[in-house]
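Novice: Just passing along the structure, written as structure tokens.
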Amino acid sequence: MKATPLRVIIVLTCLAALAAAFIHLSGRVQAQDGGEKQDSRQLSTTDTAGSQGTTRRLSRRQRGSAEVSPKVTCTFTLTPTSLSIGPAGGSNNTFMVNTSNTCNWTAMSNAGWITIDSGAGIGNGTVTFTVAQNISTHSRTGTITVADQTFTVTQAGIPAVGLTYFKMDFDSDNKTEIGYYRNGLWAFLKSTTGYSTNSPQFFSWGDTGLQPVVGDFDGDTKADIGYLVPPTGGQSASYAILLSSRGYSFASGQPLFVPAGFPSIGDTPIVADFDGDGKSDPAIWRATQGIWIIPTSSSNFTQFLFAQWGQLGDVPLAGDFDMDGKADLGFYRDGLWGILKSTTGYSTNSPQFFSWGGAGLQPVIGDFDGDSKADIGYLVPPSSGQSATYAILLSSRNYSFASGQPLFVPAGFPSIGDTPVVGDYDGDGKYDPAIWRATQGVWIIPTSSSNYTSFIFQQWGGPGDIAFPNTTGRH
């Protein structure tokens, strides 16, 4: 036998080493029928969605060398992206999650008062959530997050005070004064001075964050001022009132103090003359139960009127709808007005209802036609470059909303702070649908005696103040 040359052995050895290296680099490869090869490696890809993603383990059949899968990116959209809801809250609120069918997601609440009831899936899906009650007078905002998308929930608070109308006359000339409340400072311009800023009247009564109220608590036809003292030491809140008949004195024994319930359970102040003695009664409406608790001034606040009317989320209101000199009680609920009349003993068997307004629209009440009965209205939002509008149903027209029957008067632009301030500024017995521009402190008052063609203008107050008359029940 012939010996194999050394150089041939070296070549063959090198070729074998190269083949082994190639097999090592290519992965474990097994020959299959037809020359097809199976790559048994596990390839990892990631579906990315903001801070969330899904990792999938894949096995691929390949021809020749292995192929690496491209990175898959998940995108998400929400429909809708926000919700505005009333103080009552509620369940079965939903929004849609839109994404590709391989992308998973989980919804997370970022607020303790928003509870996710159903909120996870792969591909398109629906998030269902519950919003708790808000018994505060302040609105609040919370969010729900899905991947890198945010859904916003804005919840209104309960009214700070009930909706009423009172002439707010400090000088007994049957004309409404203009004024503001600022962290315990009261400042008024009187009609007898032509609303001159050279002769203002100031009071110091209250403090930062304390709810102001105005009424005629002593029956002398002059306005009295007050605020709500918060509960302390297990005691209820209190009305703290300075009386005009006592020279607005806050010396010991001079102010009037009357219990005002517990704001933590939704007790809302509402001031009106419910017993017909010519004095305002410092009542409360318990929003969580719809209960009216009215201590009567004619009994020196030792006797009470009770009624259950309305529910959480309503705006409580009072006005004389039957012309008996007593305030009737009622509510406004997204365009529905429900009234219990004093002539029926506030019986729930004989209510009066009106449909006028809508969800989220500001209600107003006053005597716009001078017949001593309450008229009802709301603010129509601006559109197409036009201002907002008072839309008022008149009792003298039987509250008709037929064409030509309602009263419509421009109401400015809420976006720049225009706020309803309804009162009888010209003394003709009819309420004037005025506005106060909070951003500038400007009062714009179209007078009913001129059929709204003449105006009273004045600058008084500024951003952050509560204008009086407090037609909207601002806190």
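Novice: With θ set to phi - 60° and the Karplus curve 6.51 cos²θ - 1.76 cosθ + 1.60, what are the ³J(HN,Hα) couplings of the stretch 260-268 in order, to the nearest whole Hz, using x for Gly and Pro?
Specialist: 9, x, 10, x, 5, 10, x, 5, 10
Novice: Further, regarding this structure: Between SER82 and THR197, what length comes free when the chain is fully extended (0.36 nm per residue of separation minus the Cα-Cα distance, one decimal in nm)?
Specialist: Numbers: separation 115, 0.36 × 115 = 41.40 nm, distance 4.47 nm.
That pair, SER82 and THR197, stretches by 36.9 nm at full extension.
Novice: May I pose another question? Residue-wise, which Karplus ³J(HN,Hα) couplings in Hz belong to the stretch 446-462, taking 6.51 cos²θ - 1.76 cosθ + 1.60, θ = phi - 60°, and x for glycine or proline?
Specialist: x, 8, 5, 5, 9, 6, 6, 9, 10, 10, 9, 10, 7, 10, 7, x, x
Novice: Quick one: putting +1 on the C-beta of Lys and Arg, -1 on the C-beta of Asp and Glu, what dipole do you get for the stretch 230-358 around its Cα centre, in Debye to the nearest 20?
Specialist: Rounded to the nearest 20 debye, it is 260 debye.
Novice: Let me ask something else about it. For the stretch 346-463, what is the accessible area per residue in Å² when the probe is 1.4 Å?
Specialist: About 43 Å² of surface per residue is accessible.
Novice: Under 5 Å between amide H atoms, partner at least 5 residues away or on a different chain: which partners does SER238 have, H built in plane at 1.01 Å?
Specialist: Long-range HN contacts for SER238: VAL229, ALA260.
Novice: Which chymotrypsin sites (Phe, Trp or Tyr not before Pro) does the stretch 78-120 hold that lie in a coil by DSSP with at most 16 other beta carbons within 10 Å?
Specialist: Answer by residue number: TRP113.
Novice: Then there is this: Using the crude model of +1 on Lys and Arg Cβ and -1 on Asp and Glu Cβ, and no other charge, please compute the dipole size for the stretch 316-404 relative to its Cα centre, in debye to 20.
Specialist: Once rounded to the nearest 20, the dipole reads 200 debye.
Novice: For the stretch 397-475 and the stretch 106-149, what is the separation of their C-alpha centers, rounded to whole Å?
Specialist: Taking the Cα centre of the stretch 106-149 as reference, the centre of the stretch 397-475 is 39 Å away.
Novice: Another one. Hey, can you grab everything whose amide H is under 5 Å from the amide H of GLY276? Only 5+ residues off in sequence or another chain; H modelled, so Pro and N-termini drop out.
Specialist: ALA327
Novice: With each label point set 7 Å from Cα along the Cα-Cβ vector, what nm distance links SER400 and SER449?
Specialist: Between SER400 and SER449, the simple spin-label model gives 2.9 nm.
Novice: Using a Förster distance of 41 Å, how high is the FRET efficiency between THR128 and LEU336, based on the Cβ-Cβ distance and rounded to 0.05?
Specialist: 0.90
Novice: Taking the Cα centre of the stretch 413-475 as the origin, how large is its charge dipole in debye, to the nearest 20, when only Lys and Arg (+1) and Asp and Glu (-1) carry charge on their Cβ atoms?
Specialist: Charge dipole of the stretch 413-475: 160 debye, to the nearest 20.
Novice: Turning to a different aspect of this structure: How much solvent-accessible surface does VAL422 expose, in Å² to the nearest 10, with a 1.4 Å probe and all protein chains in place?
Specialist: Near enough 10 Å² of accessible area.
Novice: OK, next. Modelling each spin label as a point 7 Å along the Cα-to-Cβ direction, I'd like the THR344/ASN110 distance in nm, to one decimal.
Specialist: 4.9 nm
Novice: Provide Rg and Dmax in Å for the stretch 77-208, with only Cα atoms included in the calculation.
Specialist: Radius of gyration, then largest Cα-Cα span, for the stretch 77-208: 24.2, 75 Å.
Novice: Using 23 Å as the Cα-Cα cut-off, could you pick out the over-long pairs in LYS190/LYS326; LYS222/LYS326; LYS167/LYS326? Display every interim value, and only then the final one.
Specialist: Details: LYS190/LYS326 27 Å; LYS222/LYS326 18 Å; LYS167/LYS326 15 Å.
Cα-Cα > 23 Å for LYS190/LYS326; rest within.
The values are calculated or read from the model by the stated rules, or taken from the named source; none is laboratory data. The structure presented is a predicted model; accordingly, all values stated were derived computationally and were not measured. Every residue, glycine among them, receives a Cβ derived from its backbone with ideal geometry; neighbour counts consider all protein chains shown. The accessibility values were calculated without ligands, DNA or RNA, using every heavy atom of the protein model including side chains. Shrake-Rupley method; radii C 1.70, N 1.55, O 1.52, S 1.80 Å.
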